[in-house]
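Undergrad: Attaching a single structure in structure tokens format; questions to follow.
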Amino acid sequence: MLNLSSFVQKAQQLLDPTQGLNLTDSDKNPSKASLFQSQFRLPDSQHPLYEITAELTIPPSNVTQGGKDQDRGFHYAGKLHLSEQYLCFSTTPSSFLQSASTSTSSAFTGQTHGGGPSGNGFTFPLSSIRRVERLHSQNFQFALAITTWNGISQDAPKETKDKKEVREQRITIQLAGTRVACERFCDGLKKGLRAAVGHVGKLKKVIGECYSEYLLRPEEQKSANPPDAGLGMIFRYPGDPKKLRDRAKMRLWAEYLRDNGRNVTLIRQPTFHKLIRVGLPNRLRGEIWELTSGSIYLRLENPTLYADTLAKHVGKESLAIDEIEKDLNRSLPEYPGFQSEEGIGRLRRVLTAYSWVNADVGYCQAMNIVVAALLIYMSEAQAFFLLSTLCDRLVPGYYSTTMYGTLLDQKVFESLVERTMPILWEHLVKCDVQLSVVSLPWFLSLYINSMPLVFAFRVLDVFFVEGPKVLFQVGLAILRINGEELLDAADDGAFISVLKNYFARLDESAHPKSENPKLRAVTRFQELMVVAFKEFSGITHSTITELRLKNKDAVLNNIESFAKRTAIRNLGPESKLLSTQELGAVYDRFYGVLYERQQRDLLIKQEEVRRARNNRISRIGQAVDEGNVEKGRVGLGPSTSLMDYDAFREFLAGIAKWAVSDSPTQSRRDTGSSNGGGFYNSFRKNESSMSPWGNGPEPADHEFLRRLFSKWDFDSSSALTLQNVVTGLARIKGKRDIMGTINYFFELHDDDGDGKVDREGILRMSEALLFLSRRGLEGALDRATAPNGMMTEGMVTPGNDVPDQSINERFLGSVSAFIRRCFEYADPDHPTNQNSQQPAQQQTASPQEDNLIAIDDDDAAAGLADPDAFAIGDDDDDFDEENDDDLLAMESPTASPRLAKRPDTATSSLQPPSSLHLDTSTGPSSMSNNDEDHRRRVSRQQSEKANIALDPNNPLHITLPTFRMVVLADELLEQFFESSFPCSFHLIEGINMCSSGGNSSGNNAGSSSSYGGVGGALGNTFSNIGFFGGGAGAGGNNQQGGGGGVAGAGRGLRGVLDNIVTDGMRVAAEVRRRMEEAQRELEKNAMQAGQQRAGANRDDEDDDEDDGGPVEGLSLGGNGGGGGSAAGSVSERRGGVRSSDRDLLTGADAEASDPTAEAQLQHGAGEASGIAGGNGGAGSVTTAKVVGVEFDG
Amino acid sequence: MADTNAPKPSSSVKLVLLGEAAVGKSSLVLRFVNNDFQENKEPTIGAAFLTQKCNLPTRTIKFEIWDTAGQERFASLAPMYYRNAQAALVVYDLTKPTSLIKAKHWVAELQRQASPGIVIALVGNKLDLTSDSTGSAEVSGDGDDNAEDSGDARKISTEEAKTYAEEEGLLFFETSAKTGHNVTEVFTAIANAIPETSLKSARGPGASHAGVSRTEEQRVNLNGPRDPNAKEACAC
């Protein structure tokens, strides 16, 4: 009845850990938000709120040049997107509406023709928008004029005088959509702009660190200190600036930035991408990297994160820091900046700060090289954020602890080679050369370590705009160009030396023998770029994504099996006590539990976020990273390898029956909601996965578990490592000698390790014994000792009624005898030791008081527990309200009134003992009189001894030898320690609580309730109720319910001891009756539990009803507003630029075209200089009336 | 490849270096290959590849040395490098007990996962930091920051490591890459320990062909690339 299917599913998962764990939805169907973020390189906090088809009009640049033919400006058709803090325009026709298909959402993953995923357009932070005006257009269209804060940093002092220099950046956007859609969009924009007013200060600070601000400042205003553009400003940039034509590039960029806005207000036009392909000028390189990779938006989000992180962790140490220190002196040692304290200091700080903010990654060799390279061109803070973007977005998983990203991309690369260069691939296979031994460093250090620096930076320039596919394109081009030589290489060594050679000669002519001087001038590097981006232009982002997806499983499995192998082998010598098979199972379960818990946490969190979002309609900053659902899988780099107490319980519940809670509150409650009325109608189908324990059995919480946990937790870190768990298990299960187990059990209860266990401890031990045996004993039990000859052999399945019961009952007797004997043979404490050895409570409280305390504690516990703790044995359907009353009633100071106040609980254990007797006759009892008599005798004896022993004025303790003797005196106890306790850990096969369906659960609950019943009946307390409620986590995350229940169980037993004189027969009868009853009641109970919980969750559930995205009303209007073709004529409008500069740009095209055609390429900007297509699109926009909002904050 | 008509038969041996970070793997290789010692070597990304010949009386062994990165997380890459290796140098640091544990892990990994019959040498490096160092006086001026004041920083006794090595059937050496002590000996011992038989089928399937057939193959391959290359270029 505990939904069988979910267990089967779970079992399958355990058998095949790859199943059900992999390839989450987010992998195959990345969320629209994450696609949106990666297209515009926005932080995770941004979500696509509104989008609309639009036409962008950029006015002619009339400041730097008065070209007449540019009057019409530039027109781009595309989509305008609005997120919480950004307004983005892109010519890439992608849509991120909820209703949009995956293909339109991932349109950017296709060929981008050098434009990068975000295409032409802009990505404005709303805080960079100064003013938005709504223009009335002739043809009933919406048009917005957007004025930005471009140049904000320099217009402060003498506005009037500089007006000519600082032109206001003003663009026009025509919205093409239904009126409603346009209105909606504008409303959203208005709201966003209002919220963004406060961020302008932040924006100023961030762009103040951008070199472009300095570059565009008029000469007389240039302050002495330009913004930090990296170590290159001090130690020179790599390469010969003349050869790199740095000045010319700088002039081109200055012009572009003047015309199209700088840093965050930059508008991407085709020239932008061309300028990047020819290589960035040194001083702007850092800024453009920051812009194209999107790391500037991260910096904008939290500009002080870098400094704050360093300040927060100043003086602290970590493993990562040790590793960083080792590598500081050997990061780009050939660059003078890194031979100086200045450069090394920067490197240290950036790497350290990153290791703090992303402790999961920490530090990985190769990061030092990448960061060192970044630092040549950018400030520390810029490098820090760019490193974050790299690790999270651009090369995810490359530097993680398992480096799965690196390995995965190697597989992807290999399959690309196989696909594009089959002959070379065949050759590699034949010669048994493993490609990744060569290519892995390329990817891992982004070619920085492989090529001469100047060329590696050129690759990086493109990489940051166009994304990871660039690494593959370049890699393939390298192999293609060297194909012939590589075919001659027959082993790794030869292979490597061919490529080493090649890299060393990248600056040489690609065609040294050519007649054509133009062709001769083409360097090998240029050839490489051309091959990479022309020949392999078919390698797109989606190619890579697809192949990553395809290979992911295999790679992760490989890593995981390696990790498992290694982890198991590296476990200490104690692990040898367990078989390899057992170790493997423990390993799987250990990480399985951690993984599942993380998944559930995440789901729960997402659910909360979803609710929150639905509540407040829109715009809620989401804390959950939606793309990250897979966290926790070992292969991805364990985000945690530590098991906390709750996870430990869950772990044990998977291998030991006794660790499973008695009241499975988490069973399907959807079925129980039938009488819940409207409140339950909104129940989600996935509710069960929202329970803190998932689909698995709910773990119990008992003091024994806690003791076990702290015992295994050697270093008291409140968390267990795999090593801890294995060592712990090995000590119980591995030795298989009774003395060892007995000792272990004793030590477990010897709190101060002095070899003595006091009265309290003795009671705890017996509680633990009852706890462990409440689902029946396992292991080899001696047939002969069974009075009825029906003793089970081997493992006792819970469904096996008769023998199970008899053993349980006998074991109950054994435990009673155990207590009695313990007290009988206990040594009195030395008076002087008394204080230290006796818990305070013991010294002061008389048994009665003790009992009272117990009840009070129980109240507290019950308060925490889920109300359905009371559900067991209740056959009244409408008890919800009463039950709540009971909770209150429990708080009354004495025990007796409570008895009367519990009319709702029909279980007889809760009624005065006298009535118990009557009940026995009604309950079907198969117990022999013989047994009952025996039990009665035992009880009597017990009580006599125990009552004396319980006198707190006679403190006492038992020692290990005494304990051992007492245990060995009882055959059943002996067997318990000999085999059934060690056997109760089913490491390999696990337990399947559902194997016998409802029957077994019922029986389990029955046997456990019997013990509760004993306590309750004898002790006149109701604390056993708590036992029933054990583990009954209240709805949602509340796990304290279990705690409450256990406390109750303990007190119940205390009751047994205090009132041990009570007739044993009654106990036995009660046990029997309760077992039967509980069995019958279980189904009902589960249902009621469901109702209870449903009630508790009402508020939450309400929120669910109102679903449906805030944006769904937006419909896509039209298919772009016509307008001019995207390609503007570039070359014609560059009057201010020297002709030599223009040559450079021509070079860009030369590089992007086929090498053979190179020679003929004399003319302007090649194919990209298309016909200016703007045909008066702007004409329809008149600026007659300004309706818009103005924000001059 | 290596079938030069040298007077002595020559064959390649793939050797991989494994061990905890900063035990001196790269330094050992550098000493062996270049007879040099460097303070700041670039960190090994993935693995470094070097070759060096080792002259034995009867034959010449050309070592193809894969020097792997020591950082823990690179461990998952190791199988890529020790694949097909005929010899392995598992290095630990005499002054760092954890490094021997790590070395034992590597030995176990190799024994279970690497090609059968792999020759493994256990090498305790940084002998120059111990009092029984034989050559610490010879080389100076490197200013090794690891140098201990008191002289003996040894934490792992020769006995302990040797016993372990004998149990596992490993070659065992204590070396100093800094002074050069015992370094060549390690490699020579490995060269001697490689069985003749494994040298014949040293490399993968490609290498097992006879000389004639290989040249033929290569000729085919040489012709091959041009046509398909051109075709693909058009397709793109």
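Computed from the coordinates by the stated procedures, all read-outs in this text should not be read as laboratory data. In this text the structure is predicted, and so the values were computed from the model without any measurement. So basically every Cβ, Gly included, is an ideal-geometry build from the backbone, and we count neighbours across all protein chains shown.
Undergrad: My understanding is that a pair violates if its Cα-Cα distance is over 18 Å; which of A:Lys564/B:Lys96; A:Lys274/A:Lys513; A:Lys576/B:Lys104; B:Lys104/B:Lys162; B:Lys25/B:Lys96 do that in this structure?
TA: A:Lys564/B:Lys96; A:Lys274/A:Lys513
Undergrad: Classify region A:469-539 as rounded, prolate or oblate from the Cα gyration tensor: take a ≥ b ≥ c as the square roots of its eigenvalues, call it rounded if a/c is under 1.5, otherwise prolate when a/b beats b/c and oblate if not. Walk me through the numbers on the way to the answer.
TA: Values: a/c = 2.15, a/b = 1.20, b/c = 1.80.
Oblate, because a/c is 1.5 or more while a/b does not exceed b/c.
Undergrad: Gap in Å between the Cα centre of region A:713-730 and the Cα centre of region A:596-611?
TA: Region A:596-611 and region A:713-730 have Cα centres spaced 27 Å from each other.
Undergrad: May I pose another question? Could you please state, rounded to a whole Å, how far the C-alpha centre of region A:183-249 is from the C-alpha centre of region A:257-288?
TA: With region A:183-249 and region A:257-288 each reduced to a Cα centre, they are spaced 11 Å.
Undergrad: Still on this structure, I have one more. Calculate how many DSSP beta bridges within region B:10-199 are antiparallel, expressed in % of all such bridges and rounded to the nearest 5.
TA: On the way: 9 of 33 bridges.
For region B:10-199, the DSSP antiparallel bridge percentage is about 25.
Undergrad: Skipping prolines and chain starts, which residues have an amide H placed within reach, meaning under 5 Å, of the one on A:Ser340, given they are 5 or more residues away or on another chain?
TA: Answer set, sorted by chain and number: none.
Undergrad: Then there's this: For a protection proxy built on the mean count of beta-carbon atoms within 10 angstrom, sort A:179-186, A:522-529 highest first, please.
TA: Details: A:179-186: 18.4, A:522-529: 21.4.
In descending order of packing, they fall as A:522-529, A:179-186.
Undergrad: Relative to the Cα centre, what is the charge dipole magnitude of region B:10-199, using +1 at the beta carbon of each Lys and Arg, -1 at the beta carbon of each Asp and Glu, and rounding to the nearest 20 debye?
TA: On the way: 18 positive and 26 negative charges, 177 e Å.
Dipole size: approximately 860 debye.
Undergrad: How do the peptides A:714-721, A:652-659 rank, highest first, by the average count of neighbouring beta carbon atoms within 10 Å per residue? Mind dumping the intermediate values first?
TA: Values: A:714-721: 13.9, A:652-659: 24.8.
Order by mean packing, descending: A:652-659, A:714-721.
Undergrad: Related question: If you count, for every residue in B:42-53, the Cβ atoms of partner chains within 10 Å of its Cβ, what is the mean?
TA: On the way: counts 11, 12, 4, 13, 16, 3, 2, 8, 2, 4, 0, 0.
Partner Cβ neighbours, averaged per residue: 6.
Undergrad: Among B:Asn182, B:Val13, B:Ala47, whose Cα projects farthest towards the positive end of the dipole of region B:10-199, with charges put on the beta-carbon of Lys, Arg (+1) and Asp, Glu (-1)?
TA: So the residue furthest toward the plus end is B:Val13.
Undergrad: Then there is this: So how much slack lies between A:Glu219 and A:Leu319, counting 0.36 nm per residue of separation and subtracting their Cα-Cα distance, in nm?
TA: On the way: separation 100, 0.36 × 100 = 36.00 nm, distance 4.85 nm.
Here the answer is 31.1 nm.
Undergrad: Expressed as a rounded percentage, what relative contact order does region A:450-573 have, with Cα pairs under 8 Å and six or more residues apart? Present the calculation step by step, with values, prior to reporting the outcome.
TA: Working: 84 pairs, mean separation 33.4, N = 124.
Averaging sequence separation for qualifying contacts and normalising by length gives 27 percent for region A:450-573.
Undergrad: Would you mind getting me the FRET efficiency between A:Leu603 and A:Ile344? Use the beta-carbon distance for r and R0 = 41 Å, nearest 0.05. Display every interim value, and only then the final one.
TA: Values: r = 45 Å, r/R0 = 1.09.
Here the calculated transfer efficiency is 0.40.
Undergrad: Let me ask something else. At a Förster radius of 51 Å, what calculated FRET efficiency corresponds to the Cβ-Cβ distance of B:Ala108 and A:Asp754, to the nearest 0.05? If you can, show how the numbers build up before the last one.
TA: On the way: r = 40 Å, r/R0 = 0.79.
According to the calculation, E is roughly 0.80.
Undergrad: Working out 0.36 nm times the residue gap between A:Ser561 and A:Glu168, then minus their Cα-Cα distance, what length gain in nm do you get to one decimal? The partial results should precede the final answer.
TA: Numbers: separation 393, 0.36 × 393 = 141.48 nm, distance 6.03 nm.
So the chain would gain 135.4 nm between A:Ser561 and A:Glu168.
Undergrad: Find the centroid of the Cα atoms in region A:408-452 and in region A:330-360, then give the distance between the two in whole Å.
TA: Between the Cα centres of region A:408-452 and region A:330-360 lies a distance of 29 Å.
Undergrad: At R0 = 35 Å, how high is the FRET efficiency between A:Ser537 and A:Asp240 if r is their beta carbon distance? Nearest 0.05 is fine. Working shown, then result.
TA: Values: r = 31 Å, r/R0 = 0.87.
After rounding to 0.05, the efficiency reads 0.70.
Undergrad: By how many nm would the segment from A:Tyr825 to A:Thr580 lengthen if fully extended, with 0.36 nm per residue of separation less the alpha-carbon distance? Don't skip to the end; give the middle numbers.
TA: On the way: separation 245, 0.36 × 245 = 88.20 nm, distance 4.24 nm.
Gain on extension, A:Tyr825 to A:Thr580, equals 84.0 nm.
Undergrad: Another question, then. If you count, for every residue in A:470-479, the Cβ atoms of partner chains within 10 Å of its Cβ, what is the mean? Write out the running numbers ahead of the final one.
TA: On the way: counts 0, 0, 0, 0, 0, 0, 0, 0, 0, 0.
Mean partner-chain Cβ count within 10 Å for A:470-479: 0.
Undergrad: Averaged over its residues, how many other protein chain Cβ atoms are within 10 Å of peptide A:354-367's Cβ atoms? If you can, show how the numbers build up before the last one.
TA: On the way: counts 0, 0, 0, 0, 0, 0, 0, 1, 1, 2, 6, 11, 7, 0.
Average neighbour count from other chains, rounded to a whole number: 2.
Undergrad: Which residue, chosen from B:Phe63, B:Ala165, B:Ala103, occupies the Cα position most advanced towards the positive end of the dipole of region B:10-199, where the dipole is computed from +1 (Lys, Arg) and -1 (Asp, Glu) charges on Cβ about the Cα centre?
TA: Checked the options; the winner is B:Phe63.
Undergrad: May I pose another question? Mind ordering A:307-319, A:393-405 by average Cβ neighbours within 10 Å, highest first? Present the calculation step by step, with values, prior to reporting the outcome.
TA: Numbers: A:307-319: 11.9, A:393-405: 22.7.
Highest-to-lowest ranking by the protection proxy: A:393-405, A:307-319.
Undergrad: Using the Cα centre as the reference, give the magnitude of the dipole from point charges on the C-beta atoms of region A:373-423 (Lys, Arg: +1; Asp, Glu: -1; all else neutral), rounded to the nearest 20 debye.
TA: Values: 3 positive and 5 negative charges, 17 e Å.
Here the size comes out at about 80 debye.
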